[in-house]
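Okay, structure first, notes after.
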Amino acid sequence: MAKITASVYTSHVPAIGAAIDLGKTQEPYWQPLFKGYEFSKQWMKDNKPDVIFLVYNDHATAFSLDMIPTFAIGTAAQFLPADEGFGPRPVPKVIGHPDLASHIAHSVIQQDFDLTIVNKMEVDHGLTVPLSLMCGQPDAWPCPVIPFAVNVVQYPVPSGQRCFNLGKAIRKAVESYDQDLKVQIWGTGGMSHQLQGPRAGLINKEFDNAFLDRLIADPQGQASVPHIDYVREAGSEGVELVMWLIARGAMDDVAGNAANSIATHAGSVRVRHRFYHVPASNTAVGHLILENI
Amino acid sequence: MAKITASVYTSHVPAIGAAIDLGKTQEPYWQPLFKGYEFSKQWMKDNKPDVIFLVYNDHATAFSLDMIPTFAIGTAAQFLPADEGFGPRPVPKVIGHPDLASHIAHSVIQQDFDLTIVNKMEVDHGLTVPLSLMCGQPDAWPCPVIPFAVNVVQYPVPSGQRCFNLGKAIRKAVESYDQDLKVQIWGTGGMSHQLQGPRAGLINKEFDNAFLDRLIADPQGQASVPHIDYVREAGSEGVELVMWLIARGAMDDVAGNAANSIATHAGSVRVRHRFYHVPASNTAVGHLILENI
Amino acid sequence: MALDKPYKDIPGTIIFDADQSRKGYHLNQFCMSLMKAENRERFKRDQRAYLDEWPMSEEQKQAVLDMDLNRAMALGGNIYFLAKIGATHGKSFQQMAGSMTGMSEEEYRAMMLAGGRSIEGNRHLGEDGDAQPQHQPQGQAGRKASV
Amino acid sequence: MALDKPYKDIPGTIIFDADQSRKGYHLNQFCMSLMKAENRERFKRDQRAYLDEWPMSEEQKQAVLDMDLNRAMALGGNIYFLAKIGATHGKSFQQMAGSMTGMSEEEYRAMMLAGGRSIEGNRHLGEDGDAQPQHQPQGQAGRKASV
Ligand SMILES: [Fe+3]
Ligand SMILES: [Fe+3]
């Protein structure tokens, strides 16, 4: 039986990818940020998963305005890093896990989540920057990755509650897979940032840290926070944080099926790492590692 | 306020489109079928809607295996008839209703249906054959049409219950639109047919007629029928019938919000027309017109 | 996959699920290419050369060349995709569906006009209906085969 | 549209919803085309000629030529799409975001290093924060403008 062993949460700022690719990680601007991920890189080596289920959003890369899926699961054998305007990032291609991905799609659609199944797509910084932060610059990523893209570009985006319930459905799907696989689920994006308009550059440390506290201790409560609070308090792009709730909903202490929004404590979760830093380019960077115990 | 005035249900067999386009409707093979739609064409003239919300499935036309959306709503200004291998059907282009379509997408996504928004697509016989059956061969279709495509090509397809609840959500969305529009919702596809394998040609009149009876009188009961019953009893392609439940869920006698699966009688519905005929090519043809009263 | 596939016990039917889809990806995408008139022309001019542009298995290519739709389905084809090959050859959906039963075109058409294939005996594998494996091929072909 | 747009009262922000998306469709699809290196070259060689290939409004084209991102956003642009224009000109996301505030690159970078823009006064229209309409443009530009 496959099992979700841990969840990882991290911002996925494009400038972080550029800093890594251009060898700037030891510059004074970047050094404090990368220091926050040193633990994480070691932890990844010590806790190598068999598959990473990576929740992110596409930033007008694979999906233009021609088709905007609310939730899209990548079932292809591989996914190439996209050219976002500066040429593709010099990182390994992403190897998928078509069999597990199809299994999850099958199960989650039958749990009333209306996924779009994607057999061909390129992946942008939303997916590759978290891999770089957690794995450094290897010749190949340590394991297969299932990309799961959430629409947070065109409003309305799925609600926090919908995302949290989806996490529960994904957990159920993973646990019904008959191979013994250690699966990590990652939630990426955020934290507070606004990339546009006269309010660009907004950072709200209080909001971000309260979000981290509550994501750990009261995820159901955090799931009920409406979008408008994210946009108002954490910036127009801060709404990416709803994606963290998908990963959180898949953890052991959150039980009940997807249709049931009441969380009861069925297992417990340990905080292995927590980090927060301002700024990376326009963005506050947050990072958490939670393990099922 | 916009309002759903009626729902129309019909099979969408490609050979029917060919019979119309090639002027064969009075041939002995086709004549009994088209006779069944004479009432309907007059009814369309007498009850011209402002917009048709047309639920159908794409048959490997707009959506290849690269992207398979469970539910896709067309928000474009127009949709061209596709070339399905014989050249495009000689029918008018389909004019969309981007404003109402976007409104419905906005509302329905916030009711926890994970739609894919599509701004560019061609439409196949699944959408154009029902228009031809109901409207004949005009120079332009009588009103704008919002295409709503359901995946019934790659299993798993959405359940009957999911479709029925989606219909309720669409009704709620339509009723929150601030222009006075008469909206018809059409459910298409089916009835019993199997297009492949040694079981090709399956027709199950008992199943089809029981489906029609129950769709009228006990739609909630019909919604709870699992896929496997459709596939087993009505053929591998008979599963298209789940799309009729979307239209049925949007009618006045089905109340309650989308999350609530218990139907209570809030209004009533009149059967204006019912027709059943075998065969059209490989398929049993069913047709219903229900009005809200 | 530990998920139920309750449709596995229906005779004479292949359900196009994620496993079939994976197997048939290139075969089906080849079929999609036939939605363009110029591709249909190129395919008809030299089927083998056109097929060789696609990373399909040799078995899949042969099934297309033979227009053996049952075989193409078993190799991951989906009927809505395969229908584009039929359209390219000017075949109707009825001709294509009929070809999978072993019946002649006339036999299949007559069955449909008489109300179609009965569900009786064709719900579950192991019954005795005409779609069961032990009764293939059907029609004149079957009668010949059993002689 | 009778749906709530509760985000309308947030200062200095445009939320990319279906209405904006419709307005900006061609502008944003033009931006997508810049994901190909050869298109970036063609665009840089003759911006006007490249823009004229797209059914965009003259205002939208002018906003692109001027790199006036606030204007482009008001005309339906989405920041993730518009970012491809910035990338084509070799601009970072920080440079693009900063350009919408009126601050110089150095001013904006200094604000971010000091912890970013404060939320205080910037939650609702009508408060007195630095993102409110009455305080635009910000930075040196604003001080010059008010002289
Ligand atoms: Fe992002
Ligand atoms: Fe169909």
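What number, rounded to the nearest 500 deg cm²/dmol, is the helix-based mean residue ellipticity at 222 nm of chain A, given -39500 (n - 2.57) per DSSP H run of at least four residues and division by all its residues? Numbers along the way, then the final one.
Details: 10 runs with 96 residues, N = 293.
Value at 222 nm, helices only: -9500 deg cm²/dmol.
Lysine pairs in chain B with alpha-carbon atoms under 16 Å apart, 8 or more places apart or on different chains: how many are there?
Close lysine pairs found across chain B: 9.
May I ask which residue of A:144, B:187, B:104 lies farthest towards the positive end of the charge dipole of the protein assembly as shown, with charges of +1 (Lys, Arg) and -1 (Asp, Glu) on Cβ and the Cα centre as origin?
Going by the charge dipole, the pick is A:144.
Compute the distance from the alpha-carbon center of the range D:55-129 to that of the range C:1-73, in whole Å.
One Cα centre to the other: 49 Å.
Per-residue mean of other chain beta-carbon atoms within 10 angstrom of the beta-carbon, peptide B:232-241? Could the numbers behind the result be given before it?
Numbers: counts 9, 4, 1, 6, 8, 3, 0, 2, 0, 0.
Mean shielding by partner chains, rounded to a whole number: 3.
Gap in Å between the Cα centre of the range A:61-81 and the Cα centre of the range A:92-121?
So the two Cα centres are separated by 11 Å.
Please state the charge dipole magnitude for the range B:3-292, taken about the Cα centre, from unit charges on C-beta atoms (+1 on K and R, -1 on D and E), reported in debye and rounded to the nearest 20. Show your work: numbers first, answer last.
Numbers: 22 positive and 29 negative charges, 92 e Å.
Around 440 debye, computed over the range B:3-292.
Which residues of the range B:99-115 show a drop of at least 30 Å² in accessible area when all protein chains are present, compared with their chain alone (probe radius 1.4 Å, heavy atoms only, ligands and nucleic acids excluded)?
B:99, B:102, B:103, B:106, B:109, B:110, B:112, B:114
In the protein assembly as shown, carbon and sulfur make up what percent of the accessible area (probe 1.4 Å)?
Of the solvent-accessible surface of the protein assembly as shown, carbon and sulfur hold 52 percent.
If each of residue C:62 and residue A:178 carries a label point 7 Å out from its Cα toward its Cβ, how far apart are those two points in nm?
It works out to 3.0 nm between the two label points.
What residue among C:94, B:54, C:62 has its Cα farthest toward the positive end of the dipole of the protein assembly as shown, where the charges are +1 on Lys, Arg and -1 on Asp, Glu, each on the Cβ?
C:62
Dividing the Cα convex hull volume of the range D:2-110 by residue count, how many Å³ per residue is that? Each step should come with its number before you reach the end.
On the way: hull volume 11.5 nm³, N = 109.
Hull volume normalised by residue count: 105 Å³.
Express as a percent, rounded to the nearest 5, the fraction of DSSP beta bridges in the range B:50-195 (both residues included) that run antiparallel.
On the way: 6 of 20 bridges.
Rounded to the nearest five, the antiparallel share is 30 percent.
Placing the label point 7 Å from Cα along the Cα-to-Cβ direction, what are the distances from residue C:126 to the equivalent spots in the other copies, shortest first, in nm to one decimal?
Sorted ascending, the copy-to-copy spacings read 7.2 nm.
Could you give the nm distance between label points at residue B:78 and residue D:9, where each point is 7 Å from its Cα heading toward the beta carbon?
About 4.2 nm separates the two model spin labels.
Under a plain spin-label model, where a point goes 7 Å from the Cα along Cα-to-Cβ, how far apart in nm are residue B:26 and residue B:210?
Once both label points are built, they end up 4.1 nm from each other.
Please work out, to two decimal places, the log10 of the ratio I(q)/I(0) at q = 0.06, 0.07, 0.09 Å⁻¹ from a Debye calculation in which every Cα of the protein assembly as shown carries one identical scatterer.
-0.41, -0.56, -0.93
Summarise the partner chain shielding of B:87-98 as one whole number: the mean count of Cβ atoms from other chains within 10 Å of each residue's Cβ. Provide the component values of the computation, followed by the final result.
Numbers: counts 3, 0, 0, 0, 0, 0, 0, 0, 0, 0, 0, 5.
Average per residue, whole number: 1.
Assuming a ≥ b ≥ c are the square roots of the Cα gyration tensor eigenvalues, decide whether the range A:3-292 counts as rounded (a/c under 1.5), prolate (otherwise, with a/b larger than b/c) or oblate.
rounded
Can you list, shortest first and in nm, the gaps between the label point of residue B:180 and those of its counterparts in the other copies, using a point 7 Å from Cα in the C-beta direction?
The answer, with the shortest distance listed first, is 7.0 nm.
Which whole DSSP H helices in chain A pass both tests: a Cα extent of 15 Å or more along the axis and a mean Kyte-Doolittle value no lower than 0.0? Working shown, then result.
On the way: long enough: A:98-110 (18 Å, 0.31); A:160-175 (23 Å, -0.42); A:205-217 (18 Å, -0.08).
Sorted by number, the helices that extend far enough and score high enough are A:98-110.
Please check: in the Gaussian network model of chain A (C-alpha springs, under 10 Å), which one of A:44, A:121, A:191 has the largest mean-square fluctuation.
Its mean-square fluctuation being the largest, the pick is A:44.
How much area per residue is accessible in the range D:15-89 when the probe is 1.4 Å and only protein heavy atoms are counted (Å²)?
Working: 2950 Å² over 75 residues.
Spelled out: the 1.4 Å probe surface of the range D:15-89, per residue, equals 39 Å².
Rounded to the nearest 5, what is the percent of antiparallel bridges among the DSSP beta bridges in the protein assembly as shown? Could the numbers behind the result be given before it?
Numbers: 48 of 93 bridges.
The antiparallel proportion sits near 50 percent.
Provide the FRET efficiency to the nearest 0.05 for the residue D:89-residue C:71 pair, computing r from the beta carbons and using R0 = 60 Å.
Working: r = 55 Å, r/R0 = 0.91.
Efficiency computed from Cβ-Cβ geometry: 0.65.
Counting only protein heavy atoms, probe 1.4 Å: which residues of the range B:43-82 lose 50 Å² or more of accessible surface in the full assembly compared with their chain by itself?
B:60, B:65, B:66, B:67, B:68, B:70
Chains A and B: buried accessible surface, both sides, probe 1.4 Å, rounded to 100 Å²?
2400 Å²
Mind checking the per residue accessible area of the range B:3-292 for me, 1.4 Å probe, whole number of Å²? Present the calculation step by step, with values, prior to reporting the outcome.
Numbers: 8240 Å² over 290 residues.
Result: 28 Å² per residue.
Quick one: buried accessible area between B and C, total over both chains, 1.4 angstrom probe, nearest 100 Å²?
Working: alone 12080 and 8990 Å², together 17100 Å².
Separately minus together, B and C give about 4000 Å² buried.
Around residue D:28, what is the net charge, scoring Lys/Arg as +1 and Asp/Glu as -1 over all other residues with Cβ under 13 Å from its Cβ?
+3
Rank by packing, highest mean first: peptides B:124-132, A:78-86, C:123-131, with packing defined as the count of other Cβ atoms within 10 Å averaged across residues.
Result, highest mean first: B:124-132, A:78-86, C:123-131.
Given the range D:24-147, what count of lysine pairs have C-alpha atoms under 22 Å apart, with each pair 8 or more places apart or on different chains?
9
May I ask you to rank B:202, C:113 by accessible area, largest first, using a 1.4 Å probe over the protein chains only?
The ordering from most to least exposed comes out as C:113, B:202.
Hey, for residue B:46 with labels 7 Å out along Cα-Cβ, what do the inter-copy distances come to in nm, ordered shortest first?
Those separations, rounded to one decimal, come out as 7.9 nm.
How many Cβ atoms of partner chains, on average, are near each residue of C:117-127 if near means within 10 Å of its Cβ?
Counting other chains' Cβ atoms within 10 Å and averaging over C:117-127 gives 4.
The values are calculated or read from the model by the stated rules, or taken from the named source; none is laboratory data. Fair warning: this is a prediction, and the values are worked out from it, not measured in the lab. No Cβ is skipped: glycine too gets one built from the backbone with ideal geometry, and neighbour counts run over all protein chains shown. Side chains included, ligands, DNA and RNA excluded: accessible areas come from the protein's heavy atoms. Shrake-Rupley method; radii C 1.70, N 1.55, O 1.52, S 1.80 Å.
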